[in-house]
Amino acid sequence: MKPIQVVAVTGGKGGVGKTNVSVNLGVAMSRLGRRVTLLDADLGLANVDVLLGLKPRRTLKDVMDGSCQLAEVLVDGPLGLKIVPAASGLQEMVHLGPQQHAGLISAFSDIAHHMDVLLIDTAAGISDDVVSFLCAAQEILVVVCNEPTSITDAYALIKVLNQRYGIERVRVVSNMVRSDEDGSAVFTKLQTVTERFLDVQLLHAGSLPFDDHLRRAVRKQKAVVELYPTSKISRALLGLAETVDSWPIPAVASGHLEFFVEQLVADHRVA
């Protein structure tokens, strides 16, 4: 079985459009013919299902309780995207112990043969839970927008990943920008401070424009790449999907995601 591509989408702060990027990147990659599963890893304040107008009967909490298998939780999204919904408003899901985290991720071995790509939509911030998911992924995609707080918080997240967990490469997507030049400028701001103080390679994955079609799609609880496929934002998201699809996948990754579990447990030992 060929390795699964595991990409975690994150942002130093809320409000940068992280979940919209996760959902639409998943739909766009599905459109490319990839079998994509999106894990809503915002375990206490799940919103992927809300964004797409889905009403899951079961969530990750049921898997953690042992009342069902992960395959029974999967919800069908647009264009073949599979979604693993998290529970919303349940405090006990926010701070899982190392064994629970490992159990959660090991459950993915049951459905590994059904996917090519696993996207992880993390919570905002730099909590241990967020960092655990990030360290377990092959690629970390940080969503940044052109606001001082967004850049500052993205830097804080990258600093933790680099200095505490030894992450040496992070990819960045500039979101809600007016032009590609603006997107490059946002990336350069973050890269300048990162290169000065950290030993980490920052790579620009691309820019996503501000586009009112996205707001309209959110109101209709649809993916913008499905509802308005020819819009400026959809074309940019499809371009991002092609970029992500071109990233090399480490040959050492196991088809059953054992590496994912081992990485999570190891991170908690370090912490």
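Just for helices (runs of 4 or more DSSP H) wholly inside segment 1-81: which have at least 1 residues that are under 15 Å from Phe108 (Cβ atoms)? In segment 1-81, 60-65, 70-73 are the helices (runs of 4 or more DSSP H) which contain 1 or more residues that are under 15 Å from Phe108 (Cβ atoms).
Among the residues in segment 63-76, are any of a type in the set (Gly, Ala, Ser), in contact with a Leu (Cβ under 9 Å, 6 or more places away or on another chain), modelled with pLDDT under 85 and over 20 Å from Cys135 (Cβ atoms)? Steps first, answer last, please.
Filtering segment 63-76 for residues of a type in the set (Gly, Ala, Ser) gives 66-67, 71.
Narrowing the set further to residues that are in contact with a Leu (Cβ under 9 Å, 6 or more places away or on another chain) leaves none.
No: zero hits.
Considering (1) surrounded by fewer than 23 Cβ atoms within 10 Å (Cβ to Cβ); (2) modelled with pLDDT under 95; (3) more than 29 Å from His213 (Cβ to Cβ), the lone condition that Glu147 does not fulfil carries the number (3).
Considering only residues that are in contact with a His (Cβ under 9 Å, 6 or more places away or on another chain) and not aromatic (Phe, Trp, Tyr), which ones fall in segment 111-135?
Residues of segment 111-135 that are in contact with a His (Cβ under 9 Å, 6 or more places away or on another chain), as a first pass: 112-113, 127-129, 132-133.
Those that are in contact with a His (Cβ under 9 Å, 6 or more places away or on another chain) and not aromatic (Phe, Trp, Tyr): Ala112, His113, Ser127, Asp128, Asp129, Ser132.
Checked against (1) buried (at least 17 other Cβ atoms within 10 Å of the Cβ); (2) modelled with pLDDT of 95 or more, Pro85 meets all criteria but (2).
Scanning segment 234-246 for residues being under 19 Å from Asp212 (Cβ atoms) and buried (at least 23 other Cβ atoms within 10 Å of the Cβ) gives a total of 3. From the residues in segment 217-249 that are charged (D, E, K, R) and outside any helix (DSSP H, G or I), which one is farthest from the chain's Cα centre (by Cα)? Looking at residues that are charged (D, E, K, R) and outside any helix (DSSP H, G or I), I get Lys220. The set of residues in segment 164-197 that are assigned to a helix (DSSP H, G or I), of a type outside the set (Ser, Thr, Tyr), under 21 Å from the mean Cα position of the chain (by Cα) and at pLDDT below 95 contains only Arg164. Scanning segment 110-149 for residues that are in contact (Cβ under 8 Å) with a residue 60 or more places away in the chain, touching a helix residue (DSSP H, G or I) at 6+ places or on another chain (Cβ under 7 Å) and part of a helix (DSSP H, G or I) gives Val131, Ser132, Leu134, Cys135, Ala136.
Regarding Lys18, is this residue out of contact with any helix residue (DSSP H, G or I) (no Cβ under 8 Å at 6 or more places or on another chain), basic (Lys, Arg), under 25 Å from Ala124 (Cβ atoms) and in contact (Cβ under 8 Å) with a residue 24 or more places away in the chain? Please lay out each step first, then the result.
Working: out of contact with any helix residue (DSSP H, G or I) (no Cβ under 8 Å at 6 or more places or on another chain): yes; basic (Lys, Arg): yes; under 25 Å from Ala124 (Cβ atoms): yes; in contact (Cβ under 8 Å) with a residue 24 or more places away in the chain: yes.
When the stated conditions are applied, Lys18 passes them.
If you go through segment 28-40 and pick out every residue that is surrounded by 18 or more Cβ atoms within 10 Å (Cβ to Cβ) and either among the basic types (Lys, Arg) or at pLDDT below 85 (or both), you end up with 2.
Among the residues examined, Arg196 does not qualify as surrounded by fewer than 22 Cβ atoms within 10 Å (Cβ to Cβ) and touching a residue at least 12 places away in the same chain (Cβ under 8 Å).
Here is a check on your reading of the model: is Arg57 among the charged types (D, E, K, R) and touching a helix residue (DSSP H, G or I) at 6+ places or on another chain (Cβ under 6 Å)? Here the answer is no, as Arg57 does not meet what is asked.
The values are calculated or read from the model by the stated rules, or taken from the named source; none is laboratory data. Computed from a predicted model, the values in this text were never measured in an experiment. All Cβ positions, even for glycine, are placed from backbone atoms using ideal geometry, and neighbour counts span all protein chains on display.
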